[in-house]
Every structure is written in structure tokens, then in C-alpha cells.
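Readers should treat all values here as calculations from the given coordinates under stated rules, not as data from a laboratory. This one's a predicted model, so the numbers in the text were calculated from it and none came from an experiment. Don't worry about glycine lacking a Cβ; one is built from the backbone with ideal geometry, like all the others, and counts go over all protein chains shown.
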Amino acid sequence: MTPTAYGPLQHDKLIGAHGRGLLWLLLAVMSLIVGAVLGLTLSDTTHVALALLLALCGLLSSVLLVPQALRSLRALDLMMSGAHDGLFEWNPRSKRLKVSQRLLAILGYTEDFLTSSDAWLEIVHPDDREKYNRSVSRHLKGETDHFYCEYRVRGSDGRYRWLAARGLAIRNRRGVGTLMAGSVSDITARVEHEERVRELALNDQLTGLPNRRSLMERLPAVLAEARRSGEMVAVIFIDLDRFKHVNDSYGHLFGDLLLVEIARRLPVVLRAYDTLIRQGGDELTVLLSGLSDRQEACHVGQRLLELINQPLDIEGKTLRISASVGIALFPEDGTDSDTLLRSADLAMYSAKAAGGNRLSFFESRMREQIDHRVALENRLQSAIERGDLLLHFQPQRRFADGSLCGAEALVRWQDGDRLVRPDQFIPLAEEIGLIEPLGRLVMDKALAQFAEWREHLPPDFVMSINLSPRQFQLGDVQAALIDCCRRHGVPHEHVGLEVTESVLLHPETGAIRTLNSLHASGFRIALDDFGTGYSSLSYLQLLDIDCLKIDKSFVGNLDLGLTARGARNGAAIVSAMIALAHRLGYEVVAEGVESGDQHEWLKMVGCDHCQGYFFHPPLSAHDFEQRLLATMMSSTA
Ligand code: C2E
Ligand code: CA
Ligand code: CA
């Protein structure tokens, strides 16, 4: 509703017409009286004629103007009741209020009890009264061009409706409003919609918890309050451990259900004024305010961990999950939101790095550690980009006659003057998505080296490389391998691919299909570290493999001189593994063979290939050439 439909402009005219009509009527009556009196007393025809003329004019104009004014007033009433918006007219001095039927209808009232502004104020929401009064008085004083206010008014059903009131005042010479009129529209639907939009923007759709944006709005206020009260605030970061694996194994929908369940569980340890927030993904944050010491935060953190650890029943599956929890305290670990959140994140990160399923408080040394890690990540990335990784090759020999049958390519990172072992950077590369380019680099270097040495190696020599499960997710391993073999002229049959059982645990990565397809195109597939993972025979059936690599931990346990039960059992397990593998048609490689005794025993139980320090440690390309190729070359010469 705009002021043109019913505004003081029209109102002015109506009042004017009405007033003028009445004035003329008054003048006519007065001139009649004056004329009559003059005619009677003076008998002066000129004066009588003048008075009669005046009276005639007055009568004429009032006859013309009064009906016009009455029509206008009726039109005003019609407008007031017919308009879509409610209308009002208010006299600030007398407080008299006139509202249209429509305004009453908006609020659901049938009876017009809103005859004064006091009655109106009664039904204005208590929280909005001050705002409403302020806008009215500012407009009356002439401080605003228009009166406009959005506020809540109680309807007949007791519920508040949002109204937008607009109006204009008529002013006296001093500029003070003496009459105000305007319209009122019902904006409840719009305000509710806006509130919903805001709610959506501040809440996570999946769990219904406040989201990161909400945290960023809330935290500064919580800190300001803590600054005033001198109390402690804790920011607790919770990151579920291995949540990605849950998603990968059971699908995202399952992961979502898990998050919903966790979000439902945690609030039991929180007080009414604590907040649980979903930052995104599997990260949750808890804000604890009004703490007196860190022990309280520690207690809540522990309870959160326990709750997360409780078994979860989702879609008929029961599983357990753990989390890494980091706690940062205001004011000691940060006095502003950003620093505090970063500190909590670092503490969480440190809990994760220590193996997860634990709680850790922020410590200043964590900042140095994270700087160190970021620097490490950057250096690793540039090393991969520059191709600055090198390979060592660990030969494999047959137990039967000690002849050379293959080698495993093991990656090393020359980081400055330090030669870094893969255990220290492969997990990092996997985590930050560098494993794919790293894997390609290893493939390329290993096959290039093999192609160079091949003529000096036994004809059935197999060069093996390790493939990480993540590589199957991130890139087309099959295409990369086939292309690599083509470029270096290496037949697929001479390339061994070592994968661990974890590959089998993630069917959705397509790794099994890819590996079976690679096997069909001639590559040799070896199951690495056998015995340390699930060692499930049913899994073995899923994958077309050629070779089982018994993990070095089993081989190391073969203390063959001993009669101790443990050693006997270890030996029994290894011989059973070998027998089983042979029954299934696989060859067996024993890894980490260090001693003559181990070698003898493994040979005796029929193990096929031997890899370990007993024969050779992993050798640099140069050493490999010196120790193996030189003798081969001389023997072939
Ligand atoms: P792995 O595949 O089980 O490799 C065998 C590891 O055992 C190698 O450690 C090797 O140096 C060590 N080793 C060999 N013989 C003996 C022995 O007689 N005794 C003992 N105690 N250890 C022995 P390395 O080179 O540190 O590699 C560690 C792991 O890093 C590898 O374990 C493999 O899982 C991973 N890795 C190595 N290169 C690559 C790669 O190119 N790509 C991927 N994805 N992973 C790799
Ligand atoms: Ca391996
Ligand atoms: Ca291994």
C-alpha cells in the first residue's frame, strides 16, 4: 500500500472540501440572519438585497459543496473498508484513532475497540513498542519524511502478526504533526519467509545444527561476554576418525546417517547455553562458555569422545567410530575468534596425528609443528613436480636355487641432504592427494630403469611397484600403467603390482575391477603384507592374484631355534599360509628375511621367493648395477 491510495494528500483535499462546504453553509445562514435583521431594522432595500444576495450565494455554494464533501467522505469510508491494506487516521493530541474494517480484519477482530492509540499500543508486541514509539515520534517531530515501521501486533487469536505501517502527518505551522494517517499491510508471510531463509543460511541442512556461519556470528559475542564476566570459554573441535573410509565403504548416504546420529547423541553432555555446531563434513565444534577451569572443558571433551565411541546401528549395520578432539581455551590460547578456532584446529590435528580417538589441548609448540608440516607438504609437492624422487630396488631371489627373479621398486625422497623413507611421506602424499602424481612418477622411473637393465637381467625377471589404494580413486591407474609399459617397451608380464588387502575393503573405488582387468592384460598382481590385514579368504576370491607376500612381521617371528609356544605357533601360521597359497595357485614371497635360519626354514616349507636383508637391502640404482648387473653382464659375456 502506497500513500497515493489513501494518504494525507487526498485527506487534505477531503478535509478542505468538507470544511469549505460547511463554511459556505455557515456564511449563507449568517447572511440570511444578517439580511433579515438588517431588513427588519433598517428597512433598507439595498442592504436587504445585499444580504439576500449573500445568503443566496452561501446557499448555492453550500448546496454545491456540501454534497461533494459528503460524497468524498463516503468515498473515504469506502476506500478505508475496501482497500487491501488496513488504514488508519490518528490524532496525536486527542489520541483518537480511527482504523478501517480491513485493518481489524487483518488482525482478526470483529469489534472496533481500537479507538485510541493507547488501545493500539496495548496490542503491539512488548519488544517492538519502543521501536514503534520512536518511529512515530520522530515523524511527528519532522525528523523523517515518512513514518515507516515493521512491528508485531497481537491478533484476536493471541498470535502476533507482522505489520508494515506507513503514514504521513499533517503539520501545524511549527512543523509538528497534528494528524497522521496511513496504511498498514500484513507482512507476516514475508517476515516468516525471511526468517526461514536466515535459518537455512545459519543451520546445517543435514543435522539441523547451527553451521559454520552461525559459529562465526556467535563466537565473537560469546567472547565479548566472557571478556566482561572474566570467565573462560572453550572451543572444542571434533573430527571423526577415518570418516572418509566410512563414506567410501558404505556410501555417502550411510555417512550422512552416521553424522545425523552423532549429532543427535552429543547434546546430552552439553548445558543449555553450550552450542554444538557442524562446521562441515565430519567436523563438529562445541562452544562452552562460563567455564571456571580447564578441567571442566576436559571433562566435556572426554564425555564427547565416549559418546562417539558408543556402537552405532545404522541401516542394520553396527559399527564403532572414534574421533580426534582438540580444545582451545579463551583467553589463554587466543583472544579473538580466528586465533581461537585455529588453535582448536591445531589441537585436533595433533590428536589425529597421535593416532586419533583422543583429546588434546592446544599447546604453542603445535604452531611450529604445523608450520613444519606445511613446509614439508610444499617441499614434497615441488619434489614430485620436479621429479626429485628416486627409487631403490630390492632384489628377490628364488629359495630353490638363489637365482634372481625380480625386484621391488621402493621410493625415496631426497629432501635436501636427507633421504626420506616412504613411511614418512607416503601417508602424507595420500592425505593431501599427491599420491596419484607420485605413483605415476614411480611407475615411470621403475619401468624406465627396468627397460634400461632388462637385457642384462634374467628373461623372467619381474619388476614390482607398490600401488596405494588411493591411487585407484584419484586417477586411471590402468591407463597410466598400460601407457607407461608401451612407452618403455616393457611387456605387462614383467610388471608386478603390489597392493595391500585394504584395496579389497573399498569395492566402490573400482580397484578390484581395475586390478582384475590389469591381471587379464598380463600384469602380475601380488597381495602385499599378507597376514597383517584382514587375511580374509573370501576377499582373496574376489581378486585374481598371482602372488602372496608374507609380511615381514611373521618372518621376523620365526625364531626357529626356540621351542616356545609363540614361536611354534608363528611357524605353524606361516607354513599354513604357504600351503594355502599354493593350494590356491599363488606363488609366495617371504618379506624381511634377515637370517640364514629364517631362509633355511622358509625354503624347507616350500616358500618360493625371498626378499630381505639376508640377500640384499633395497639398493640404489648405482648399487644394483654394481652388485647385480656387473656379475650378470660378466656371466652373460
Ligand atoms: P613394503 O612394500 O612392505 O616394502 C618393504 C619394506 O620392508 C621396505 O621398506 C624395505 O626397505 C623393508 N625391508 C626389506 N627387507 C627387509 C628386512 O630384511 N628387514 C626389515 N626389517 N625390513 C626390510 P621401505 O622401503 O621403507 O618401504 C616402506 C613401505 O613404503 C613399503 O612397504 C611400501 O608399503 C611403501 N612404499 C614404498 N615405495 C612405495 C611406492 O612407490 N608407492 C607406494 N604407494 N608405496 C610405497
Ligand atoms: Ca611392497
Ligand atoms: Ca610388504
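Some notes on this structure:
- Per DSSP, loop trypsin sites (Lys or Arg not before Pro) in region 310-369 with at most 15 further Cβ within 10 Å: Arg320
- Under-5 Å amide H pairs with His609, H placed in peptide plane, nonlocal only: Phe399, Val588, Val589, Ala590
- Karplus (6.51, -1.76, 1.60) ³J(HN,Hα), θ = phi - 60°, over region 494-499, in Hz, Gly and Pro reported as x: 9, 10, x, 10, 9, 10
- Summarising the amide proton neighbourhood of Thr178: residues at separation of 5 or more, or on other chains, whose placed amide H is nearer than 5 Å comprise Ile170, Arg171, Asn172.
- Applying a DSSP loop filter and a limit of 15 other Cβ atoms within 10 Å to the GluC sites (Glu not before Pro) in region 245-324 leaves Glu315.
- Farthest positive-ward along the chain dipole, Cα basis, beta-carbon charges - from Ala226, Val99, Asn172: Asn172
- Under the Debye formula (equal points on every Cα, no solvent term), log10 I(q)/I(0) of region 404-488 at q = 0.16, 0.18, 0.20 Å⁻¹: -0.69, -0.84, -0.99
- Dipole-positive endmost among Thr509, Leu253, Leu467 within the chain (Cβ charges, Cα centre): Leu253
- What the phi angles of region 264-273 give under the Karplus curve with 6.51, -1.76 and 1.60, with θ = phi - 60°, is a coupling list of 6, 6, 4, x, 4, 8, 9, 8, 4, 9 Hz, glycine and proline written as x.
- With a Förster radius of 41 Å applied to the C-beta separation of Glu377 and Asp127, the computed FRET efficiency comes to 0.20.
- Taking amide H as placed 1.01 Å from N in the peptide plane, the amide H of Ser620 sits under 5 Å from that of Phe393, each at least 5 places away or on another chain.
- Backbone geometry of region 217-227 corresponds, through the Karplus equation with coefficients 6.51, -1.76 and 1.60 at θ = phi - 60°, to 3J(HN,Hα) couplings of 7, 7, 4, x, 5, 5, 5, 4, 5, 5, 4 Hz, x marking Gly and Pro.
- Point-charge dipole on Cβ atoms (K/R +1, D/E -1) for region 81-214, about Cα centre, debye to 20: 640 debye
- For region 84-136, the set of trypsin sites (Lys or Arg not before Pro) satisfying both a DSSP loop assignment and a count of at most 13 other C-beta atoms within 10 Å is given as Arg93.
- Within the chain, helix-based [θ] at 222 nm, where runs of 4 or more DSSP H residues each add -39,500 (n - 2.57), nearest 500: -16000 deg cm²/dmol
- Within region 338-383: Cβ-based charge dipole about Cα centre, in debye rounded to nearest 20 (Lys, Arg +1; Asp, Glu -1): 140 debye
- Of Gln424, Gly406, Ala347, farthest towards positive along the dipole that unit charges on Lys, Arg, Asp, Glu beta carbons give region 346-425: Ala347
- Note on region 129-216: percent of Cα-Cα distances in each 5 Å bin, starting at 0 and stopping at the bin with the largest distance, equals 3, 13, 16, 15, 13, 12, 11, 7, 5, 3, 2, 1, 0.
- Compared with the dominant Cα axis of the chain, that is its longest principal axis, helix 188-202 is turned about 20°.
- Each principal axis of the Cα atoms in the chain has its own extent, and those three values, largest first, are 162, 56, 49 angstrom.
- Test item: Cα-centred dipole of the chain, Lys/Arg +1 and Asp/Glu -1 on Cβ, debye: 3420 debye
- Remark: relative contact order (the chain) = 7 percent; criterion is Cα-Cα distance under 8 angstrom and separation of 6 or more residues.
- Antiparallel content of DSSP bridges confined to the chain, in %, to 5: 70 percent
- Mean sequence separation of contacting Cα pairs (under 8 Å, at least six apart), scaled by the length of region 445-495, corresponds to a relative contact order of 54 percent.
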